[in-house]
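The values are calculated or read from the model by the stated rules, or taken from the named source; none is laboratory data. Since this is a predicted model, take the numbers as computed values, not measurements. Quick reminder, even Gly has a Cβ in these numbers, built from the backbone with ideal geometry, and neighbours come from all protein chains shown.
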Amino acid sequence: MNHFILKDMTPKVPAPGVEMRVINGEKMTMVFFRLQPGAGVPLHAHPHEQVGTVLKGSIELVVADEKRIVLEGEAYHVPSNVLHGGKCGESPSEIIEVFSPAREDLR
């Protein structure tokens, strides 16, 4: 069994105000995000299906032509190869996202 202590993991910083801690399995990837207010991930697409949930705070999420505020305790789905991006709301946010297949680019 692999065991991970998130606070001891060195975060990746893909954009200012965005920290991510990545756990890769054989067929999936799980990412723990911490975002500072106003920070975000620009619009992008990838072949991985993605689901996420907001644990703390909120994000403004754009998926294809739909924009929505996703609040604490809510979840979302992003299909493969669909343009999407997100921006943190007015307070720090924590988000978990799971990708399938595994994100080789995040190893």
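Things to note:
- Restricting GLY86, GLY52, GLY38 to those that are free of Cβ contacts under 8 Å to residues at least 60 places away in the same chain, within 20 Å of PRO16 (Cβ to Cβ) and part of a strand (DSSP E or B) reduces the list to GLY86.
- Taken together, the criteria place HIS46 among residues that are in contact with an Asp or Glu (Cβ under 9 Å, 6 or more places away or on another chain), in contact (Cβ under 8 Å) with a residue 24 or more places away in the chain and in a loop (DSSP other than H, G, I, E, B).
- Criterion (at pLDDT below 95 and at negative phi) met by exactly one of ARG34, ARG103, ARG107, ARG68: ARG107
- When residues in the range 16-40 are screened for being in contact with a Pro (Cβ under 8 Å, 6 or more places away or on another chain), of a type in the set (A, V, I, L, M) and crowded, with 18+ Cβ neighbours inside 10 Å, 3 of them pass.
- For the range 7-46, the set of residues classified as more than 12 Å from the chain's Cα centre (by Cα), over 20 Å from GLU104 (Cα atoms) and among the aliphatic types (A, V, I, L, M) consists of ALA39 only.
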